[in-house]
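Down below is the structure, laid out as structure tokens.
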Amino acid sequence: MATKTQEGTKTVQAKEPATARNIALPIYLDYQATTPTDPRVVEAMLPYFTTKFGNPHSRNHSFGWEAEEGVETARAQIAALVGANDKEIIFTSGATESNNLAIKGVGRFYKDRRNEIVTVVTEHKCVLDACRHLEEEGFKVTYLAVKQNGLVDLDHLRQAVTDKTALVSVMAVNNEIGVVQPLKEIAAIAHEKGAFFHTDAAQAAGKIPLDVEDMHIDLMSISAHKMYGPKGIGALYVRRKPRVRLHALIHGGGQERGMRSGTLPVPLIVGFGRAAEIAKNEMAKDNERIRRLSDRLFNGINKQLKDVVLNGDREARFPGNLNLSFSYVEGESLMMGIRDIAVSSGSACTSASLEPSYVLRALGVEEEMAHTSIRFGIGRMTTEAEIDYAIETIVKHVKKLREMSPLWEMVQEGIDLKSIQWSDH
Amino acid sequence: MAYGEKLIDHYENPRNIGAMDKHATDVGTGLVGAPACGDVMKLQIKVSAEGIIEDAKFKTFGCGSAIASSSLVTEWVKGKTLDEAESIKNTQIAQHLALPPVKIHCSVLAEDAIKAAIADYRKKSGKPGAAHVNAEPAKVAAE
Ligand SMILES: Cc1ncc(COP(=O)(O)O)c(C=O)c1O
Ligand code: FES
């Protein structure tokens, strides 16, 4: 779900009155898709490409030791971010692999005693798809519905978890709508029945405080490129006490305590570690800024436009994610209008499948509203000037598109859209 | 998605946006698509006593390709007879705007909209044309 942005970079000219702020276009407001690598992260990585290039598994010379030291420092930095022990961090290629390893790995290890998995319909595709594969292997998977605010209903969860459940997998922060699930409560329900609790924290790590001890999390997936680190590296936290065991997906030299073989990509890992360290130190400061910018965007749009709906719970959310439905304006046409702002849409017209977002549909958002949704992602590098430019551009284009929307026209004339017999096609 | 120049031009400077009196006997209205599918097109034509389309207006809820397709057909139908307008094919629209394959159905909708508008006009004016009509306009119930 990414927009096509304009080629190159242009600077807004002073003759456009409200935008005389010298901001570089296009503006990036798609921080859930990925984040830019923090320059401090890049700086930390560079020596590991050139002078400290050793294989961390080489035990017999200083090149290997130096690389290994880089890896272990990073492991400690990542462990510190989530309140884990260093030994509980397993490096992977990203959250997709971590989720696969957690779900398939734990599922297959405990299959003889427990062959059920409980997850949620709004999970990332990689969680849902890993679960589908386990179904083919004979597992029973329950995909829980969510409430209208996008949160899991804890009573339904309690009913779904049985003493046959091996794993409960519920994401921390949703990538499309930003809602934060009640992890601690979910963990308690899983543990009542002796099941493990896994959370996909790709959108949460480095963004909201996470503590695997306090929250009783058994497995947690993290991705570096969502937290200002490099792409292609992630981690799976695997609890040691009580010990969680899993079947490896990738076999070979037995690295990462046998759970994930392969030579570790040292520069990526060092960058991931530095990104975790920065996130831990600056989370409070970053979040205060992000919340302010998010409120500014939301209020700025709502002051000038009516019928704009926030998707997902208003309170339990990461403020860097604002998913808004602009009623009567189709999302892709709006993205085309605001081309110099990079965002994503839940509209079918933007997806290869021409299906609207399954996450919004799961919230009970009407299809016509799902088609009008735009996700704004705000992050560490977002500025106030960018937000102001975004507000102005969005308001202008929504007004223009509503003027050409037959639905807007009908609603203004007092026609109930539901009373119309629409033609099928 | 990368779009062609003509498409972007029609999207940015859409021709003939607006509405005409749907009750007027010389106006035909076609309303096709559905909000749940993400696309609704309303296309109206004003027909002279000689059976020539004098004016056309549209409003579209849909992607950029749908907006551009409807804008383009309003330009094309003006000055045409009903039969001529009815022979416009979605493939011509798609070709002119260089629509990518996943956007072909947006041009189909534009073809349906023009057919529906013509059918509505014929029904209202009691002047059935030669060609058969296969697109039924959606019914506006709350009139
Ligand atoms: C919630 C969530 N889980 C998993 C992933 C996949 O992460 P990665 O790109 O590291 O494989 C993403 C990113 O798209 C995500 O948002
Ligand atoms: S209207 Fe949905 S793809 Fe064109």
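The values are calculated or read from the model by the stated rules, or taken from the named source; none is laboratory data. For clarity, every value in this text was computed on a predicted model and none was experimentally measured. Heads up, the Cβs are rebuilt from the backbone with ideal geometry, glycines too, and the neighbour counts pull from every protein chain shown. To get the accessible areas, we keep the full protein, side chains included, count just its heavy atoms, and leave off ligands, DNA and RNA. Shrake-Rupley method; radii C 1.70, N 1.55, O 1.52, S 1.80 Å.
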Practice problem: Please specify each residue of the range A:385-416 satisfying the condition of being within 11 Å of chain B (Cβ to nearest Cβ) and open to solvent by less than 30 Å² (accessible area, probe 1.4 Å). | Solution: A:HIS397, A:LEU401, A:ARG402, A:MET404, A:SER405, A:PRO406, A:LEU407, A:GLU409, A:MET410, A:ILE415
Quiz item: List, please: which pairs have Cβ atoms under 9 Å, are six or more places apart or on different chains, and start with a residue in the range A:230-247 that is within 14 Å of another protein chain (Cβ to nearest Cβ) and end with one that is open to solvent by 40 Å² or more (accessible area, probe 1.4 Å) and more than 16 Å from ligand 2 (Cβ to nearest atom)?
Solution: none
Quiz prompt | Selection status of A:ASP86, in contact with a helix residue (DSSP H, G or I) (Cβ under 7 Å, 6 or more places away or on another chain) and open to solvent by 40 Å² or more (accessible area, probe 1.4 Å) | solution = yes
Quiz item: Which residues, taken from the range A:332-346, are away from ligand 1 (no atom under 16 Å from the Cβ), under 25 Å from A:PRO36 (Cα atoms) and not aliphatic (A, V, I, L, M)?
Solution: A:GLU332, A:GLY337, A:ARG339, A:ASP340
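The rows are residues; the columns are (1) within 14 Å of ligand 1 (Cβ to nearest atom); (2) part of a helix (DSSP H, G or I); (3) open to solvent by 60 Å² or more (accessible area, probe 1.4 Å).
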| site | (1), (2), (3) |
| --- | --- |
| A:GLY206 | yes, no, no |
| A:ALA248 | no, no, no |
| A:HIS251 | no, no, yes |
| A:LYS285 | no, yes, yes |
| A:SER294 | no, yes, no |
Exercise. Filter the range A:106-132 for residues that are farther than 24 Å from A:PHE318 by Cα and either among the acidic types (Asp, Glu) or within 16 Å of ligand 1 (Cβ to nearest atom) (or both) and give the result.
Key: A:ASP112, A:GLU116, A:ASP129, A:ALA130, A:CYS131, A:ARG132
Quiz prompt | Filtered residues of the range B:87-103 (kept if β-branched (Val, Ile, Thr) and more than 23 Å from B:THR29 (Cα to Cα)) | solution = B:VAL102
Quiz item: Does A:THR372 fit the bill of being more than 9 Å from chain B (Cβ to nearest Cβ), under 23 Å from the mean Cα position of the chain (by Cα) and buried (at least 16 other Cβ atoms within 10 Å of the Cβ)?
Solution: no
Self-check item: Index of the failed condition, A:SER93 passing every other in (1) open to solvent by less than 50 Å² (accessible area, probe 1.4 Å); (2) within 16 Å of ligand 1 (Cβ to nearest atom); (3) among the small types (Gly, Ala, Ser)
Solution: (1)
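Looking at this structure, is A:TYR328 at positive phi, touching a residue at least 12 places away in the same chain (Cβ under 8 Å) and among the aromatic types (Phe, Trp, Tyr)?
So A:TYR328 fits the description; yes.
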Quiz item: Are any of the residues in the range B:7-14 within 22 Å of B:GLU84 (Cα to Cα) and more than 16 Å from ligand 1 (Cβ to nearest atom)?
Solution: no
